[in-house]
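In what follows, a structure is listed as structure tokens, so that the remarks can point back to it.
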Amino acid sequence: MNEEQKKTDPVPLTSAAQGNGEILQEYYQSFWHNSKFWLGVVVFLFVLLFAFIYKKTVVDTTMDPKQLKAALEFFEISSQWVVNEQVSDEDFQGIILVPEVSFRVRNIGKEDLSYVFLLAVFRFMDNGKYIGEGYQMTLRRPLPPGQESARITLKAGFGYRASSAAAFEKYKESWRNSFCEVFAKSHNSGLTWVKTFYISRKIAGQDIEIKLK
């Protein structure tokens, strides 16, 4: 074979050149047949769907603290002391009484109320000392404007110890007045104070209301 034939003979494509040809082929195709185009469409639709869900579930349901407080009306309010647990230790045999508050809520706002987290902080009235706290996620089903909730009960985790509920009347000089501050949060509103309740000295299940001197 002479030199002129070698120059005119076709040179086979290397594997690298063939690979480049396959890559470029995708760009020569109509975008309707381009896999990268459809992948981009799917990603765009996914982002759009996520933004829509976020708007409906977070942005559209967000209330600022003032709106939340103005929408909550408390009624049928009651409070008492209840037996939280029976204690049977070597150094103490008896019960622990804790403060409890219960109420219903009416939506007097213009929007539905849902997933309202309520936190009750119980304190002694004379010195503000912390007794305990109770909390609950309420209104898992939206409460429309003008509608009323079921009864909600919140109680502290700590309180007084005695051998029995009746014994509290005997040792009433140790009894102190207490109150409860209720805070609320709904979706992204942030926690805000909404109500303060005085706690009665009534003991549940007993015809006893501790009378102070």
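The values are calculated or read from the model by the stated rules, or taken from the named source; none is laboratory data. On a predicted model such as this, the values are computed, not experimentally measured, just so you know. So basically every Cβ, Gly included, is an ideal-geometry build from the backbone, and we count neighbours across all protein chains shown.
Among the residues of the stretch 137-147, write down those that are in a strand (DSSP E or B) and either surrounded by 13 or more Cβ atoms within 10 Å (Cβ to Cβ) or outside the structural domain of Arg104 (by TED's automatic domain parsing) (or both).
Correct list: Thr138, Leu143.
Go through the stretch 97-113 and count every residue that is in a strand (DSSP E or B), of a type outside the set (Lys, Arg) and surrounded by 18 or more Cβ atoms within 10 Å (Cβ to Cβ).
9
Where residues in the stretch 69-81 are surrounded by 19 or more Cβ atoms within 10 Å (Cβ to Cβ) and in contact with an Asp or Glu (Cβ under 9 Å, 6 or more places away or on another chain), which of them is modelled with the lowest pLDDT?
Among residues in the stretch 69-81 that are surrounded by 19 or more Cβ atoms within 10 Å (Cβ to Cβ) and in contact with an Asp or Glu (Cβ under 9 Å, 6 or more places away or on another chain), the one modelled with the lowest pLDDT is Trp81.
Against the conditions (1) at pLDDT below 90; (2) closer than 17 Å to Ala204 by Cβ, where does Ala156 fall short? Just the number, please.
Of everything listed in (1) at pLDDT below 90; (2) closer than 17 Å to Ala204 by Cβ, Ala156 misses just condition (1).
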